[in-house]
Amino acid sequence: MLKKPLYLILALFIGVHSYAQLDLSTLQGDPIQDGDVFDFDQLGTADPSSSSGKIKFVIANSSDTESINVLVEVTSLTNTDGSSSQLCVQPLCFYAVSVGTTIPNSPIILAPGANNGPSDYFFNTDGGDGQNYPITYGLKFFTVDDQGVETGESINVTYNYTPETFSNAKFDMSDIGVTVVNTMVKDVLDFSNEDAVDFTIYSVNGRQMHSSSYKAGQHRIDFSGFATGIYLLNVKNEAGQTANLKLIKE
């Protein structure tokens, strides 16, 4: 009486076990699962020794008996055009991506128990426009059969970048008693503040361009030496409250 249910249970177990062959993990061996989100507040770098702003991953085949064919696809972009990013799945690197980009050109073939090594990664170098964040990339790791047809096994992850100063800001300028007269700046930025504050100005690539403390009053910052472009103003008061504002140097 119990034989048929037992066979069914064993068949289901074997089917699930053989299906779940695609494994994804960090270099430290922590599993990366479908739906995982990676949040960064620093831009990535091509320096192989650096982990700043970078997902480093290992693609592996957990099957003991079957080889798998693996591809990685960029499924979505938000607040970026993908031109300032790098996706490497050995032996190939793309130095810009778009929705639908699939790497490598031919699937990685992983033998039973094999992996693609420790040199695969993704990072973003797009600093954004100083206002619209997070910058988001969707990545899909999936398997295909020998004809290139998806098998249905996939792991989807999300990469988010928000500048550190932007992500920490919780208030508007008016909340902390700061009034900026001109966000379109030619040579001088004029502002007033009701209490002592720290002013820091960053380029969209995260480079600190100016940093100073100001007592309550009216002040000016010389912008004549700044290149034309977008900058991020971060203001912090003595209570630790922070606010951001996008500036445009004309």
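The values are calculated or read from the model by the stated rules, or taken from the named source; none is laboratory data. These figures come from a predicted structure and were not determined experimentally. Neighbour counts are summed over all protein chains in view; Cβ atoms, including those assigned to glycine, are modelled from backbone coordinates with ideal geometry.
When the residues of region 36-56 are narrowed to those that are modelled with pLDDT under 90 and among the charged types (D, E, K, R), which ends up farthest from the chain's Cα centre (by Cα)?
ASP47
Say whether the condition of being over 27 Å from the mean Cα position of the chain (by Cα) and either hydrophobic (A, V, I, L, M, F, W, C) or farther than 13 Å from ASN234 by Cα (or both) is met by at least one residue in region 196-210.
Residues of region 196-210 over 27 Å from the mean Cα position of the chain (by Cα): 196-198.
From what's left, either hydrophobic (A, V, I, L, M, F, W, C) or farther than 13 Å from ASN234 by Cα (or both): 196-197.
There is at least one residue in region 196-210 that is over 27 Å from the mean Cα position of the chain (by Cα) and either hydrophobic (A, V, I, L, M, F, W, C) or farther than 13 Å from ASN234 by Cα (or both).
Quick one: which strands (runs of 3 or more DSSP E) lie wholly within region 134-208 and hold at least 3 residues that are closer than 28 Å to LEU43 by Cβ and of a type in the set (Ser, Thr, Tyr)?
150-161, 197-203
Would it be correct to say that SER224 is modelled with pLDDT of 90 or more and in a strand (DSSP E or B)? Reasoning before the result, please.
Working: modelled with pLDDT of 90 or more: yes; in a strand (DSSP E or B): no.
For SER224, the condition - modelled with pLDDT of 90 or more and in a strand (DSSP E or B) - is not met.
Have a look at GLN90, GLN86 and point out the one that is surrounded by fewer than 19 Cβ atoms within 10 Å (Cβ to Cβ), within 14 Å of the chain's Cα centre (by Cα), farther than 15 Å from VAL157 by Cβ and in contact (Cβ under 8 Å) with a residue 12 or more places away in the chain. It would help to see each step written out before you state the result.
Numbers: GLN90 fails: within 14 Å of the chain's Cα centre (by Cα).
From the options GLN90, GLN86, the qualifying one is GLN86.
So which residues in region 141-150 are without any contact (Cβ under 8 Å) to a residue 12 or more places away in the chain and either surrounded by 11 or more Cβ atoms within 10 Å (Cβ to Cβ) or aliphatic (A, V, I, L, M) (or both), if there are any at all?
The first filter runs over region 141-150 and keeps only residues without any contact (Cβ under 8 Å) to a residue 12 or more places away in the chain, leaving 147, 149-150.
Within region 141-150, VAL149, GLU150 meet the criteria.
Right, ASP64: surrounded by fewer than 21 Cβ atoms within 10 Å (Cβ to Cβ), within 24 Å of ASP30 (Cβ to Cβ) and among the acidic types (Asp, Glu) or not? Don't jump to the end; show me each part of the working.
Values: surrounded by fewer than 21 Cβ atoms within 10 Å (Cβ to Cβ): yes; within 24 Å of ASP30 (Cβ to Cβ): yes; among the acidic types (Asp, Glu): yes.
Taking the combined requirement at face value, the residue satisfies it.
Look at region 224-250 and say how many of its residues are free of Cβ contacts under 8 Å to residues at least 60 places away in the same chain and farther than 24 Å from PHE171 by Cβ.
Counting residues in region 224-250 that are free of Cβ contacts under 8 Å to residues at least 60 places away in the same chain and farther than 24 Å from PHE171 by Cβ gives 6.
Identify, by number, the condition in (1) at pLDDT 95 or above; (2) part of a helix (DSSP H, G or I); (3) of a type in the set (A, V, I, L, M, F, W, C) that LEU8 doesn't meet.
(1)
Residue-by-condition table, conditions (1) assigned by the TED database to the domain that holds PHE38; (2) farther than 17 Å from GLN131 by Cβ:
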position	(1), (2)
GLU150	yes, yes
THR183	no, no
LYS186	no, yes
SER203	no, no
GLY206	no, no
HIS219	no, yes
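Is it fair to say GLY206 is out of contact with any His (no Cβ under 9 Å at 6 or more places or on another chain), closer than 30 Å to ILE68 by Cβ and modelled with pLDDT under 90?
Working: out of contact with any His (no Cβ under 9 Å at 6 or more places or on another chain): yes; closer than 30 Å to ILE68 by Cβ: no; modelled with pLDDT under 90: yes.
No: the conditions fail for GLY206.
It is to be established whether one or more residues within region 181-202 are more than 28 Å from LEU77 (Cβ to Cβ), among the small types (Gly, Ala, Ser), in contact (Cβ under 8 Å) with a residue 12 or more places away in the chain and surrounded by fewer than 16 Cβ atoms within 10 Å (Cβ to Cβ).
yes
When residues of region 33-47 are filtered for being touching a residue at least 24 places away in the same chain (Cβ under 8 Å), under 14 Å from SER85 (Cα atoms) and assigned to a loop (DSSP other than H, G, I, E, B), how many remain? It would help to see each step written out before you state the result.
Start the filter on region 33-47 by keeping residues that are touching a residue at least 24 places away in the same chain (Cβ under 8 Å), which leaves 33-46.
Subset that is under 14 Å from SER85 (Cα atoms): 40, 42-46.
Add one more test, that the residue is assigned to a loop (DSSP other than H, G, I, E, B), and what stays is 42-46.
Matching residues across region 33-47 total 5.
Out of region 196-250, which residues are of a type in the set (D, E, K, R) and farther than 12 Å from PRO163 by Cβ?
Correct list: ASP198, LYS215, ARG220, ASP222, LYS236, GLU238, LYS249, GLU250.
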